[in-house]
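Contents: one structure, followed by commentary.
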Amino acid sequence: MKTRRVVNVFVFTTLLLSMSTFATAEKQRDWKTGKVLDSERSRYFAGTVGGSNTNGTVSENGTYNGNTNGSQTAVYRVYETFVIEGDTEVYQAQEHIKWRWSKPANLTVNGPVKYAIEKRKFYVIDEDGKEHEMEIVKKTLRTPEPTAK
């Protein structure tokens, strides 16, 4: 009985250690500081959802008498697009707002922003300290500023 308890404690401890190792193995991002140049919200019509209900009867002479009730609701895809200037490039990144109650990144135009890039994903930390994931829509190389003579 005592050895079974020791084994259970050992298994539990091993499980906790492996979970904590997994949690700390999160990918570290290379955060940089940039400047927010612009932001814009856009909505795109994605279709409609809804249904209908039909009730009716057939009379003795074979005619159909019925009515249909239906409702349709428009569905929109909502995006918040940001233009962010980095050291060597200007990025246009788009955040998909998935739910009506979701909020986009809280960023101030002409204000600083911490950002990181991984492949086609663009991550920002907004003014509330929340991390937001976006998709890079466009990347433009910054032109060097002319030197004054």
Within the range 111-149, residues part of a loop (DSSP other than H, G, I, E, B), touching a residue at least 60 places away in the same chain (Cβ under 8 Å) and in contact with a Leu (Cβ under 9 Å, 6 or more places away or on another chain) come out as none
Of all residues in the range 24-62 being aliphatic (A, V, I, L, M) and over 22 Å from H96 (Cα atoms), the one that is modelled with the lowest pLDDT: A25
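Okay, residues lined up against (1) surrounded by fewer than 16 Cβ atoms within 10 Å (Cβ to Cβ); (2) within 13 Å of M134 (Cα to Cα); (3) free of Cβ contacts under 8 Å to residues at least 24 places away in the same chain; (4) of a type in the set (D, E):
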site	(1), (2), (3), (4)
N55	yes, no, yes, no
V58	yes, no, yes, no
Q72	yes, no, no, no
Y79	no, yes, no, no
All but one of (1) more than 26 Å from F122 (Cβ to Cβ); (2) part of a strand (DSSP E or B) hold for G62, so report the exception by its number. (2)
Go over the candidates R29, R41 one by one and state the one that is touching a residue at least 60 places away in the same chain (Cβ under 8 Å), more than 20 Å from R142 (Cα to Cα), part of a strand (DSSP E or B) and of a type in the set (K, R). R41
One residue is enough: does the range 86-94 have a residue meeting the conditions assigned to a strand (DSSP E or B) and hydrophobic (A, V, I, L, M, F, W, C)? yes
Could you tell me whether T147 is under 17 Å from T88 (Cα atoms), surrounded by fewer than 11 Cβ atoms within 10 Å (Cβ to Cβ) and of a type in the set (V, I, T)? yes
What do you reckon, is R100 loosely packed, with under 13 Cβ neighbours inside 10 Å and either in a loop (DSSP other than H, G, I, E, B) or in contact with a strand residue (DSSP E or B) (Cβ under 9 Å, 6 or more places away or on another chain) (or both)? yes
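The values are calculated or read from the model by the stated rules, or taken from the named source; none is laboratory data. Given the structure is predicted, the values throughout are model-derived calculations rather than measurements. Please note: Cβ atoms are built from the backbone with ideal geometry, for glycine as well, and neighbour counts cover all protein chains shown.
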